[in-house]
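Undergrad: Sharing a structure here in structure tokens format.
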Amino acid sequence: MYIETIKKHSDIKNFTLSGLKELSKELREIIIKQVSINGGHLASNLGVIELTIALHYVFNSPIDKIIWDVGHQCYTHKLLTGRYEKFTTLRKYGGISGFPKRDESEHDVFGTGHSSTSISAALGIIEARDKKSENFKVIAVIGDGSMSSGLAFEGLNNAGHLKKDIIVILNDNEMSISQNVGALSAYLNRILTGDFYQKFKKETKSFIEGIPKLGKKASKLAQRAEEMLKGLFLPGILFEELGFNYVGPIDGHNIELLIETFKRIKNASSPMLVHVVTKKGKGYKFSEKSPSLFHGIGPFKIETGASRTGGELTYSEVFGNTLIELASKDNRIIAISAAMKEGTGLEKFSEKYSERFYDVGIAEPHAVTFAAGLATQGLKPVVAIYSTFLQRAIDEIIHDVCLQNLPVVFAIDRAGIVGEDGPTHSGAFDISYLRHIPNIIIMAPKDGFELKSMLEFALTQNCPVAIRYPRGNIDQSLAIKSPVSEIHLGEGEVIKDGKDIALIAIGNTVYPALSASELLEENGISAMVVNARFVKPLDHRLLFSIVSKIKKIVTIEENALTGGFGSAVLEFLNNTDKLDIKVHRIGLPDKFIEQGSQTELRQKYGLDERSIYKFALFLFESSRVISF
């Protein structure tokens, strides 16, 4: 195998062109095979194999710095930079990350996992290089989907102003995760269909076809001329105005052309933007046909593309189905996604109510303020964004929604432990970053049925509401243990009574707490189990009732302990002078949570039923005071 001959990074430079093409075939097979076993980002990685090979062939990593925007397309980069032997551990606990990670390799110059950071980071590295009088090149590889984010344009604007030798590779596959939307795409289409371009194209074609002796060749030559015109008139104008020298568009799967182009621009002294056109999912028919489905996927069967896991209902699907049901009764309901309609369960909604669905692209701050504007006019916007991506819109949540007390509903998907995607995608902070904001209601359902009830409740409120729920499937059999009772503002529910210790849980930790109580019962300990439901406002009445008769409390949450649900309970106890209560808080520690399966990580951080049982048993038998 060609990949096995690469013992050090520079070995790739000894390959012939035919060898590089064979290498690309090998890497495609390796990536498809491993993602089919481990899960991961398939379509985005298959689309940049030739591009990555050409970059490493021409440039000299890690001296030259290659920065991958988002980073979900870095698998070929990892295989070429000494991680082939470890590739079977991709996204596993203790294995290599599915994203660039600085402490994993010197070739991962900048850690990424969120969109649109590459240009700003690259420019910062170039400025540091020049201040230190060093000599190397810096390349930012950014997808056209990431260009919909304001941060990318902030970086482009500053780079054009500073006129440094940054190289931006625009990977144009016409996709982010969901289909690209926005003015940039519309701009390209307008140029193609505009009067000036159409007139110029027509006159050029007539001129070529009028040349004597060309005959049948005229039509083919006219077609080539049209392709050249597209490169002249389309995105080049935009980027040239921003201060970049524009090259392209070029075929992102033609290794020879890519190498030739990169060699030509390698030593440029001013900003360069190379427009590379690729096909997302290239080389695997199922991902080519459904690139959104194969963007981020679990284990699958290579032969059929079918998932290896069952078809259980997910929280995202319950959210999407419920919103469709509610929207059929209320035409004021609007759904908003930030380039993640499939991931957030809104694909069916977008088909049924296309006029009430907005995908704003990778632009979370805009999504929030756009929703605020809708809310001022009496509509009911629901913003569905992953917990980790909603972090990008904190100011807008505070300033544009909560300060004005506008009825925007935030459906916070992937809250808590996300799993194999690792720390960049962990939803560990949303309770903490929302709980301190005035006017907002924060809820978390114990299961899919309660999520449905909470969404119905949220849309009746005249203020901001956040509902956080986890990634993954719903065990519908658990609902038998605790049917959903009616939701009332700021009210929790006692699922199981007890007198020795109280387990107060929020969200998807409720059922593990219930199972732990059954283990405690076997040891003669009577454990009360409480489904808190609300992080804000807390059910002070219920809490006071509990601590008036039970002096040992365990709080359980799948969020950072710092500023989380347990902290809110401690604040309540402090304000009520109930400092004689023994409390143990179970949650995520003050660190970024590593990659691994959700099961592995919940066991490690004490969020499974056995760990909750052990913590509760220890608290019951100890004489400790409040645990901080």
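Undergrad: Given the criteria closer than 19 Å to Leu519 by Cβ and either surrounded by fewer than 18 Cβ atoms within 10 Å (Cβ to Cβ) or modelled with pLDDT of 95 or more (or both), does Asp608 qualify? Full working, then the answer.
TA: Numbers: closer than 19 Å to Leu519 by Cβ: yes; either surrounded by fewer than 18 Cβ atoms within 10 Å (Cβ to Cβ) or modelled with pLDDT of 95 or more (or both): yes.
Answer is yes for this residue.
Undergrad: So Glu621 fits all but one of (1) at pLDDT below 90; (2) touching a strand residue (DSSP E or B) at 6+ places or on another chain (Cβ under 9 Å); what number is the exception?
TA: Failing condition for Glu621: (2).
Undergrad: Can you give me the number of residues within the range 278-300 that are touching a residue at least 40 places away in the same chain (Cβ under 8 Å) and basic (Lys, Arg)?
TA: Summing the residues that are touching a residue at least 40 places away in the same chain (Cβ under 8 Å) and basic (Lys, Arg) in the range 278-300 gives 3.
Undergrad: Moving on to the next point. Limited to the range 426-457, what total is found for residues that are in a loop (DSSP other than H, G, I, E, B), in contact (Cβ under 8 Å) with a residue 40 or more places away in the chain and under 22 Å from Phe389 (Cα atoms)?
TA: 8
Undergrad: Across the range 420-439, which residue is farthest from Leu561 (Cα to Cα) among those that are over 12 Å from the mean Cα position of the chain (by Cα) and buried (at least 24 other Cβ atoms within 10 Å of the Cβ)?
TA: Result: Leu434.
Undergrad: Which of the residues belonging to the range 1-25 are over 33 Å from the mean Cα position of the chain (by Cα) and among the acidic types (Asp, Glu)?
TA: Passing the criteria: only Asp11.
Undergrad: Sticking with this one: Looking at His253, is it outside any strand (DSSP E or B), over 28 Å from Gly419 (Cα atoms) and not acidic (Asp, Glu)?
TA: It is true that His253 is outside any strand (DSSP E or B), over 28 Å from Gly419 (Cα atoms) and not acidic (Asp, Glu).
Undergrad: Kindly indicate which of Phe99, Phe136 is within 22 Å of Ala43 (Cβ to Cβ) and of a type outside the set (Val, Ile, Thr).
TA: Phe99
Undergrad: Just name the residue that is nearest to Asn439 (Cα to Cα) out of those in the range 522-539 that are at pLDDT 95 or above and not in a loop (DSSP other than H, G, I, E, B).
TA: Filtering the range 522-539 for residues that are at pLDDT 95 or above and not in a loop (DSSP other than H, G, I, E, B), the one nearest to Asn439 (Cα to Cα) comes out as Lys536.
Undergrad: May I pose another question? So which of Pro249, Pro235 ends up being at pLDDT below 85, outside the structural domain of Glu154 (by TED's automatic domain parsing) and touching a Leu at 6+ places or on another chain (Cβ under 8 Å)?
TA: Of the residues listed, the single one that is at pLDDT below 85, outside the structural domain of Glu154 (by TED's automatic domain parsing) and touching a Leu at 6+ places or on another chain (Cβ under 8 Å) is Pro235.
Residue-by-condition table, conditions (1) under 23 Å from Lys279 (Cα atoms); (2) in contact (Cβ under 8 Å) with a residue 40 or more places away in the chain; (3) in a loop (DSSP other than H, G, I, E, B):
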| site | (1), (2), (3) |
| --- | --- |
| Lys13 | no, yes, no |
| Ser18 | yes, no, no |
| Ser24 | yes, yes, no |
| Val35 | yes, yes, no |
| Glu50 | yes, yes, no |
| Asn60 | no, yes, yes |
| Leu79 | yes, yes, no |
| Tyr84 | no, yes, yes |
| Ser97 | no, yes, yes |
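Undergrad: Residues that are assigned to a helix (DSSP H, G or I) and not assigned by TED's automatic domain parsing to the domain that holds Phe457: does the range 276-285 have at least one?
TA: Scanning the range 276-285 turns up at least one residue that is assigned to a helix (DSSP H, G or I) and not assigned by TED's automatic domain parsing to the domain that holds Phe457.
Undergrad: Moving on. Could you tell me whether any residue of the range 17-30 is surrounded by 22 or more Cβ atoms within 10 Å (Cβ to Cβ), closer than 23 Å to Glu303 by Cβ and either touching a strand residue (DSSP E or B) at 6+ places or on another chain (Cβ under 9 Å) or among the basic types (Lys, Arg) (or both)?
TA: So far as the range 17-30 goes, no, none of its residues is surrounded by 22 or more Cβ atoms within 10 Å (Cβ to Cβ), closer than 23 Å to Glu303 by Cβ and either touching a strand residue (DSSP E or B) at 6+ places or on another chain (Cβ under 9 Å) or among the basic types (Lys, Arg) (or both).
Undergrad: Name the single residue that is farthest from Tyr386 (Cα to Cα) among those in the range 458-488 being part of a helix (DSSP H, G or I) and within 27 Å of the chain's Cα centre (by Cα).
TA: Gln476
Undergrad: Checking Glu518 against (1) touching an Asp or Glu at 6+ places or on another chain (Cβ under 9 Å); (2) over 19 Å from Pro407 (Cα atoms); (3) crowded, with 17+ Cβ neighbours inside 10 Å, which test does it fail?
TA: Here Glu518 meets the rest and fails (3).
Undergrad: May I pose another question? Being within 30 Å of Ser97 (Cα to Cα), in contact with a helix residue (DSSP H, G or I) (Cβ under 8 Å, 6 or more places away or on another chain), assigned to a helix (DSSP H, G or I) and small (Gly, Ala, Ser): is that true of Ala393 here?
TA: Judged against the criteria, Ala393 is a match.
Undergrad: Residue check, Lys352 against (1) surrounded by 21 or more Cβ atoms within 10 Å (Cβ to Cβ); (2) more than 17 Å from Arg435 (Cα to Cα), all met but one. Which one?
TA: (1)
Undergrad: Could you go through the range 596-603 and let me know if any residue there is more than 23 Å from Arg91 (Cα to Cα) and either in contact (Cβ under 8 Å) with a residue 40 or more places away in the chain or surrounded by 13 or more Cβ atoms within 10 Å (Cβ to Cβ) (or both).
TA: Scanning the range 596-603 turns up no residue that is more than 23 Å from Arg91 (Cα to Cα) and either in contact (Cβ under 8 Å) with a residue 40 or more places away in the chain or surrounded by 13 or more Cβ atoms within 10 Å (Cβ to Cβ) (or both).
Undergrad: Any residue that is within 16 Å of Phe319 (Cα to Cα), modelled with pLDDT of 90 or more and crowded, with 23+ Cβ neighbours inside 10 Å - is there at least one of those in the range 471-478?
TA: Among the residues of the range 471-478, not one is within 16 Å of Phe319 (Cα to Cα), modelled with pLDDT of 90 or more and crowded, with 23+ Cβ neighbours inside 10 Å, which makes the answer no.
For every residue, the table says whether it meets (1) modelled with pLDDT of 95 or more; (2) more than 22 Å from Ile467 (Cα to Cα); (3) surrounded by 14 or more Cβ atoms within 10 Å (Cβ to Cβ).
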residue	(1), (2), (3)
Lys551	no, yes, yes
Glu558	yes, no, yes
Ala568	yes, no, yes
Asp580	no, yes, no
Glu594	yes, yes, yes
Phe615	no, yes, yes
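Undergrad: Residue check: is Thr388 within 29 Å of Leu313 (Cα to Cα), assigned to a loop (DSSP other than H, G, I, E, B) and not small (Gly, Ala, Ser)?
TA: Answer is no for this residue.
The values are calculated or read from the model by the stated rules, or taken from the named source; none is laboratory data. Note that the structure is a prediction, hence the values are computed from the model and not measured. Here Cβ is always computed from backbone atoms with ideal geometry, including for glycine, and neighbour counts include all displayed protein chains.
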